[in-house]
Amino acid sequence: MSANRRDFIKSSLVAGVGLSAGLAAKPAAAAEPVHGLVKPGDVILFQGDSITDAGRSRETAGTPNIKSTLGNGYAWIAGSHLLVDAPPGTLNVFNRGISGNKVHQLAARWDVDCLELKPNVLSILIGVNDIWHKLNGKYDGTVETYEKDYRALLQRTKETLPDVKLVICEPFVLRCGAVNDSWFPEFDKFRAAAKSVAEDFHAVFVPFQAAFDRAVAYAEPKNWAGDGVHPSADGAALMAHEWIMAVGHSHA
């Protein structure tokens, strides 16, 4: 394990302890950013499918900043970093990912699960089901459908929340478990579509696939995601690191 990865996992654990102890965040000037794009006073919303959902509680979904609301994945780890670095009580972090979702299913619940929350920072990870469900015969959408639906969703979002800061996460897979040669080269087109959407909507782009491509040099693919899609604890920590790095080096 590299020194950087050890340090990141250690800091993730420290974040978890800080939250359970009552978010004893270090003091910070209210005018300073928490992490680049994120400012004190912001509402941060993580959206997506099962990778974002990560076992979050529906019962506590309306209560920000707690473990059950944020789930067990990258949203929890990244959110905890934001919270412990912010002045106490200045951020509200929500997770509204739902397992199995594709872009059109985000759109169907967008009013309640996004627009009504009025996020200042909106992070979306979506796309793997748009191809996976096509491969298993449960969906007939295409890459063109994915990109068209994604653009329509973001246009609708910007019309209602013109100042929202967008974070578009790259769909990713690892070559193990359910992921085989039948996924390619089409899956790479989904990744390219997500990046194109991010560029056109001036969103921060989080390059998850590149991070996992580097990570397999240090541990086999199943270490990061046993079925090739859903990240392990190590995979979630890596994702949170990439998210914080991308958001932290961006500015509103």
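The values are calculated or read from the model by the stated rules, or taken from the named source; none is laboratory data. Predicted model only: the values in this text are computed from it and were never measured. A quick note on method: Cβ atoms are made from the backbone with ideal geometry, for glycine too, and the neighbour counts reach across all protein chains shown. These accessible areas exclude ligands, DNA and RNA; they are computed on the full protein's heavy atoms, side chains included. Shrake-Rupley method; radii C 1.70, N 1.55, O 1.52, S 1.80 Å.
In table form, for the structure just shown:
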read-out	value
Extreme residue, farthest from VAL197 (Cα to Cα), among residues of region 114-161 that are of a type in the set (Val, Ile, Thr) and in a loop (DSSP other than H, G, I, E, B)	THR142
Which numbered condition ILE126 fails, given (1) of a type in the set (A, V, I, L, M); (2) touching a Phe, Trp or Tyr at 6+ places or on another chain (Cβ under 9 Å); (3) more than 25 Å from ILE244 (Cα to Cα)	(3)
Selection count, region 61-79, where residues are closer than 17 Å to MET239 by Cβ, open to solvent by less than 20 Å² (accessible area, probe 1.4 Å) and of a type outside the set (A, V, I, L, M, F, W, C)	4
Flag if SER123 is within 16 Å of the chain's Cα centre (by Cα), within 28 Å of PRO40 (Cα to Cα) and of a type in the set (S, T, N, Q)	yes
Residue pairs meeting the criteria (Cβ under 8 Å; at least 6 apart or on separate chains; first within 16 Å of ASN129 (Cα to Cα) and in contact (Cβ under 8 Å) with a residue 24 or more places away in the chain, in region 186-204; second surrounded by 14 or more Cβ atoms within 10 Å (Cβ to Cβ) and acidic (Asp, Glu))	PHE190/ASP130; ARG191/GLU170; ALA193/GLU147; ALA194/GLU170
First in region 108-136 and more than 23 Å from HIS230 (Cα to Cα) and open to solvent by less than 30 Å² (accessible area, probe 1.4 Å), second anywhere and of a type in the set (Ser, Thr, Tyr) and modelled with pLDDT under 95, Cβ under 8 Å, 6 or more apart	none
Test: residue in region 96-104 that is of a type outside the set (D, E, K, R), modelled with pLDDT of 95 or more and not in a loop (DSSP other than H, G, I, E, B)	yes
